[in-house]
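Chemist: Sharing a structure with you now.
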């Protein structure tokens, strides 16, 4: 391996916070790899940042009534803090709205223009006659011409991953209001990617370290032939085009964002007072570049970014692009735009960062999609991390402290002792090999195996009996175990740095100075071993009351409203709650169609299906009864989020449907929240086993009255569910 390694981590959009899928797909494997290489004595530069331009930003800002800069300032801060809380050891977390990034992007653009790689072209671009504006590619949706997916975006199909253009979509329409788009002429700069096809192929087919999925995705694009790509757009938010006559246009976000790897490296060097240091990583041909991304970003990092670097000249090309597959929740992939995911703020507010990193490592989607479930998270943390590693550490340190006070001098090793140390050496070698190949999940499985072997060795040796009959033999056993525990903790530093560092400090080892190969060194005699405290606490899972647990309550967004002919009060709605539901609702005459369109609502997603006027209803909207007032989150949130009752998330059985008659027997009503309970139709009732947030006190809310008392409905980040109109306390929810 070379002495210098550059690691680029995919830049998340700053239109919301990031979820566990972002962590396990990019940031966590990158951090494990970076920490490992630093421990090998290599110089590592790892950068990432917030992608603050592009359609997802402007869409979310419009939805919230905010300026784009306000939105990105908010979420850049949240994302950065959460990565720091998780111990992601980035050398710099940058942002594309920074003036220095914009300068680097414009210089890169001009360099390509001077080198003859850009040209102007009159093209037809999607235009929405209702919005009266040109639409960025992601504002256009339609049917994918390759796989038939009906909700493909104008730049890429999320189902098959093909890069697209709006003109290729079948039945293209505006993503904002569903209006069929028109194509009108405009002028843009294009990048001559097609002219680089032969050079890119020659470079690509020299790659023998890339993962099969990355090779397959990239080969598909070459098979179709590379097309020139537009790098400017008729939008207002982004990096200005540094050319006269283009004042109202911006550099396209895909071109802008990937240059962030370079601009962040330059900013890192500048912030250190060594403005030319970035060149050590970008212009030294021996330095290797690794890009940690999700599979939907493969072509941008294996074709487009390398093509841009070739056209620029004088900059290193990617050495490896260890792209991961998707993290799934049931049959749906984690998706910020679809609102499917477990968000890092929520995880970090409730769990030790090592719990998240440990479990996250085991679900890194290396080679194929992996799945998340809360039950699996709890079981893995309690069984593997706490009962496995945590218990081993506590047993060993407690025994040594109690019986020796210091690490004992070993006697002659027997065959079982030598076999245990041989297993440590074997696992160290296997982990080294796999981490060099950027397979952190596979490497960690060997570490887990060694934890089990060490616990089995402890039990087989029975030092509690040895210390009575032969203290010297007990000392030898503990010498072996101290060597293994220290070795395990050194090899765990890239994975669970908080706990592993605490163990090493307890053993007299500075975790910031230790090297990877020190994991194999025998533990020295005479080191004081203080009395330990348990490294971690078990996760105790609060089980929701049975009556509340059966309801699949979700936030949804109304995406379609249609009056049902012949029905006096009924609308046919389509509600996006992570998946699309057709809902029949008796709201005609109470809400106008335009009032309902794009509104956030609360649904029971697993209510028994019903038929009204020949139309099926697959879910049920919740509303206060009189006056009819739809339930909604008090702040904008992503559709698909589960609705909690106080601290409890419902856990309905898959496929189980709740009868309407069963729901009618439940009590759910509008309440006023107090510091210790709620006031509803039966006066004050205390809330148990839940600390009511101060900002809720005195507010209107909705409570489900369970077998254990009232549960206050809310979604992540303590966002209350509220009626959208003024109603009295005690008004039932129907």
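The values are calculated or read from the model by the stated rules, or taken from the named source; none is laboratory data. Worth saying up front: this structure is predicted, and the values here are computed from it rather than measured. Every residue, glycine as well, gets a Cβ built from its backbone with ideal geometry; the counts of neighbours run over all protein chains shown.
Chemist: How many of the residues making up segment 599-623 are over 26 Å from residue 328 (Cβ atoms) and either modelled with pLDDT of 90 or more or crowded, with 20+ Cβ neighbours inside 10 Å (or both)?
Modeler: Residues flagged as over 26 Å from residue 328 (Cβ atoms) and either modelled with pLDDT of 90 or more or crowded, with 20+ Cβ neighbours inside 10 Å (or both) within segment 599-623 amount to 6.
Chemist: Which condition from (1) touching a helix residue (DSSP H, G or I) at 6+ places or on another chain (Cβ under 7 Å); (2) modelled with pLDDT of 95 or more; (3) farther than 24 Å from residue 141 by Cα is the one that residue 25 breaks?
Modeler: (1)
Condition check ((1) over 21 Å from residue 62 (Cβ atoms); (2) in a loop (DSSP other than H, G, I, E, B); (3) at pLDDT below 90) across all residues:
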{"site": "138", "(1), (2), (3)": "no, no, yes"}
{"site": "141", "(1), (2), (3)": "no, no, no"}
{"site": "145", "(1), (2), (3)": "yes, yes, no"}
{"site": "159", "(1), (2), (3)": "yes, yes, yes"}
{"site": "184", "(1), (2), (3)": "yes, no, no"}
{"site": "195", "(1), (2), (3)": "yes, no, no"}
{"site": "202", "(1), (2), (3)": "yes, no, no"}
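Chemist: What do you reckon, is residue 534 surrounded by 16 or more Cβ atoms within 10 Å (Cβ to Cβ), touching a residue at least 12 places away in the same chain (Cβ under 8 Å), within 30 Å of residue 403 (Cβ to Cβ) and within 36 Å of the chain's Cα centre (by Cα)? Show your work before the answer.
Modeler: Working: surrounded by 16 or more Cβ atoms within 10 Å (Cβ to Cβ): no; touching a residue at least 12 places away in the same chain (Cβ under 8 Å): yes; within 30 Å of residue 403 (Cβ to Cβ): yes; within 36 Å of the chain's Cα centre (by Cα): yes.
Here the answer is no, as residue 534 does not meet what is asked.
Chemist: Still on this structure, please answer the following. For segment 119-155, give me each residue that is buried (at least 21 other Cβ atoms within 10 Å of the Cβ) and touching a residue at least 60 places away in the same chain (Cβ under 8 Å).
Modeler: 125, 136, 137, 139
Chemist: Still on this structure, please answer the following. Does residue 425 satisfy the criteria of being surrounded by fewer than 18 Cβ atoms within 10 Å (Cβ to Cβ), touching a helix residue (DSSP H, G or I) at 6+ places or on another chain (Cβ under 8 Å) and within 30 Å of residue 8 (Cα to Cα)? Steps first, answer last, please.
Modeler: Values: surrounded by fewer than 18 Cβ atoms within 10 Å (Cβ to Cβ): yes; touching a helix residue (DSSP H, G or I) at 6+ places or on another chain (Cβ under 8 Å): yes; within 30 Å of residue 8 (Cα to Cα): no.
The answer is no for residue 425.
Chemist: On to the next question. Scanning for something outside the structural domain of residue 431 (by TED's automatic domain parsing), surrounded by 20 or more Cβ atoms within 10 Å (Cβ to Cβ), within 28 Å of the chain's Cα centre (by Cα) and closer than 17 Å to residue 8 by Cβ, does segment 58-77 turn up at least one residue?
Modeler: no
Chemist: Check 359, 291 and return the single one that is touching a residue at least 12 places away in the same chain (Cβ under 8 Å), outside any loop (DSSP other than H, G, I, E, B) and not assigned by TED's automatic domain parsing to the domain that holds residue 25.
Modeler: Working: 291 fails: not assigned by TED's automatic domain parsing to the domain that holds residue 25.
Matching residue, one of 359, 291: 359.
Chemist: If you check residue 445 against the conditions, is it under 39 Å from the mean Cα position of the chain (by Cα) and in a loop (DSSP other than H, G, I, E, B)?
Modeler: Taking the combined requirement at face value, the residue does not satisfy it.
Chemist: Given 44, 72, 105, which one is more than 28 Å from residue 242 (Cα to Cα) and in contact with a helix residue (DSSP H, G or I) (Cβ under 9 Å, 6 or more places away or on another chain)? Can you show your working first?
Modeler: Values: 72 fails: more than 28 Å from residue 242 (Cα to Cα); 105 fails: more than 28 Å from residue 242 (Cα to Cα).
The unique qualifying residue is 44.
Chemist: Among the residues of segment 554-561, is any touching a strand residue (DSSP E or B) at 6+ places or on another chain (Cβ under 9 Å), under 30 Å from residue 381 (Cβ atoms), modelled with pLDDT of 90 or more and not in a loop (DSSP other than H, G, I, E, B)? Don't jump to the end; show me each part of the working.
Modeler: If we filter segment 554-561 for residues that are touching a strand residue (DSSP E or B) at 6+ places or on another chain (Cβ under 9 Å), which is where we start, we get 554-561.
Add one more test, that the residue is under 30 Å from residue 381 (Cβ atoms), and what stays is 554-555.
Next cut, modelled with pLDDT of 90 or more only: 554-555.
If we keep only those that are not in a loop (DSSP other than H, G, I, E, B) as well, we get 554-555.
Yes, because at least one residue in segment 554-561 is touching a strand residue (DSSP E or B) at 6+ places or on another chain (Cβ under 9 Å), under 30 Å from residue 381 (Cβ atoms), modelled with pLDDT of 90 or more and not in a loop (DSSP other than H, G, I, E, B).
Condition check ((1) without any contact (Cβ under 8 Å) to a residue 40 or more places away in the chain; (2) more than 33 Å from the chain's Cα centre (by Cα)) across all residues:
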site	(1), (2)
458	no, yes
463	no, yes
467	no, yes
470	yes, yes
498	no, no
501	yes, no
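Chemist: Looking only at segment 562-578, count every residue that is in a loop (DSSP other than H, G, I, E, B) and closer than 17 Å to residue 616 by Cβ and tell me the total. Write out each step before concluding.
Modeler: Applying the first criterion (in a loop (DSSP other than H, G, I, E, B)) to segment 562-578 yields 564-570, 577-578.
Checking which are closer than 17 Å to residue 616 by Cβ leaves us with 564-567, 570, 577.
So the count comes out to 6.
Chemist: Let me ask another. Can you tell me which residue in segment 398-422 is farthest from residue 495 (Cα to Cα), limited to those that are out of contact with any helix residue (DSSP H, G or I) (no Cβ under 6 Å at 6 or more places or on another chain) and assigned to a loop (DSSP other than H, G, I, E, B)?
Modeler: Of everything passing the filter in segment 398-422, 412 is farthest from residue 495 (Cα to Cα).
Chemist: Then there is this: Out of curiosity, is residue 349 part of a helix (DSSP H, G or I), within 25 Å of residue 531 (Cβ to Cβ) and not assigned by TED's automatic domain parsing to the domain that holds residue 463?
Modeler: Details: part of a helix (DSSP H, G or I): yes; within 25 Å of residue 531 (Cβ to Cβ): no; not assigned by TED's automatic domain parsing to the domain that holds residue 463: yes.
Criteria not met by residue 349.
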